[in-house]
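Data block below; observations after.
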Amino acid sequence: MFPVTQRYRGTRRNQTAMATFLLVHGAWHSGRSWDRIVPLLESAGHRVLAPSLTGYGDKAHLLGPEVGLSTHIDDIVGLIEGERLDDVVLVGHSYAGLVISGVANRAPQRIAHLVFLDAMVPEDSESAVDVLPVTKQLIDVAVDGWRVPPMPEQPPPIGLFGVTDPDDVAWLRSMLSDHPVRSLQEQVRLDNPAVRTIPRTHIHCVKGRPAGITLRPVPAGDRVRELPTGHDCMITMPVELARLLLEAV
């Protein structure tokens, strides 16, 4: 609905080998949230996949109380195996930091780089509640005991997931779905030593962070980048985000 307004010109097609970017959206969102990023990465010569997880977008009808973190990990592992993807730059936004961590644990040989985009970064056997304790408040008010509606819009600079432009807010709202409680309670397994050999980048959105949302310190040796915008930087700063993602190639 709202096409990319700028073209990324920072990397020519012949400067790097083709990579495969696999972009995993966060809670409540869908694969459409990456619509402004996909053409920027493709124009730099890379393959890009931006699926919707079970319960979102074209899979919204599959949402149910049985959908959990393991379901979403299965979604991405299944896509990697089904498409026979290798050397994947695996990007996880927000909640999807848990998802990409679980995927890396199961298929580390397929992953070239992990990008945690303003994301939860778990340790072994942790859930979303462990990583971000404020999540427990969402579970306590879940509808029917199993689904959490999208966060409400707040005054700027917080807006709706950091998005404040009225047209962008309307577009974002059109793609949002409820999020299953099970995915916030389920623990991620990180018992494969090969996970820690995968290079990592953490991109932090440093503007308009809501109260109670605190990112953990980044492990030594990981790359850290910042964007002066709100949580959904793929909507508010797509060109700048594309530049940072291309650093991972």
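Looking at the structure I just gave you, is Asp130 open to solvent by 20 Å² or more (accessible area, probe 1.4 Å), outside any strand (DSSP E or B), among the acidic types (Asp, Glu) and over 24 Å from Ala60 (Cβ atoms)? Spell out how you get there, then give the answer.
On the way: open to solvent by 20 Å² or more (accessible area, probe 1.4 Å): yes; outside any strand (DSSP E or B): yes; among the acidic types (Asp, Glu): yes; over 24 Å from Ala60 (Cβ atoms): yes.
It is true that Asp130 is open to solvent by 20 Å² or more (accessible area, probe 1.4 Å), outside any strand (DSSP E or B), among the acidic types (Asp, Glu) and over 24 Å from Ala60 (Cβ atoms).
What tally of residues in segment 104-118 results from selecting those that are touching a helix residue (DSSP H, G or I) at 6+ places or on another chain (Cβ under 6 Å) and over 16 Å from Arg189 (Cβ atoms)?
Here the count works out to 2.
Of the residues that sit in segment 156-166 and are modelled with pLDDT of 95 or more and open to solvent by 60 Å² or more (accessible area, probe 1.4 Å), which one is farthest from the chain's Cα centre (by Cα)?
Per the stated criteria, the residue is Pro166.
With in contact with a Leu (Cβ under 6 Å, 6 or more places away or on another chain) and open to solvent by 40 Å² or more (accessible area, probe 1.4 Å) as the only criterion, which of Arg225, Arg196, Arg243, Arg200 stands out? Spell out the reasoning first.
Values: Arg196 fails: in contact with a Leu (Cβ under 6 Å, 6 or more places away or on another chain); Arg243 fails: in contact with a Leu (Cβ under 6 Å, 6 or more places away or on another chain); Arg200 fails: open to solvent by 40 Å² or more (accessible area, probe 1.4 Å).
Just a single option satisfies the conditions, and that option is Arg225.
Where in segment 22-115 are there helices (runs of 4 or more DSSP H), lying wholly inside it, with at least 3 residues that are closer than 20 Å to Met237 by Cβ?
Details: elements: 38-43, 69-82, 96-106.
Fully inside segment 22-115 and qualifying: 38-43.
The rows are residues; the columns are (1) modelled with pLDDT under 95; (2) assigned to a loop (DSSP other than H, G, I, E, B).
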site: Val195; (1), (2): no, no
site: His202; (1), (2): no, no
site: Arg209; (1), (2): yes, yes
site: Pro217; (1), (2): yes, yes
site: Thr229; (1), (2): no, yes
site: Glu240; (1), (2): no, no
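Does Ser177 satisfy the condition of being modelled with pLDDT of 95 or more and either more than 18 Å from the chain's Cα centre (by Cα) or open to solvent by 10 Å² or more (accessible area, probe 1.4 Å) (or both)? Break it down into steps so the answer makes sense when it comes.
Working: modelled with pLDDT of 95 or more: yes; either more than 18 Å from the chain's Cα centre (by Cα) or open to solvent by 10 Å² or more (accessible area, probe 1.4 Å) (or both): yes.
Answer is yes for this residue.
The values are calculated or read from the model by the stated rules, or taken from the named source; none is laboratory data. Predicted model only: the values in this text are computed from it and were never measured. Neighbour counts run over all protein chains shown; Cβ positions are idealised from the backbone, glycine included. Quick note on the areas: whole protein, heavy atoms, side chains included, nothing else; ligands and nucleic acids left out. Shrake-Rupley method; radii C 1.70, N 1.55, O 1.52, S 1.80 Å.
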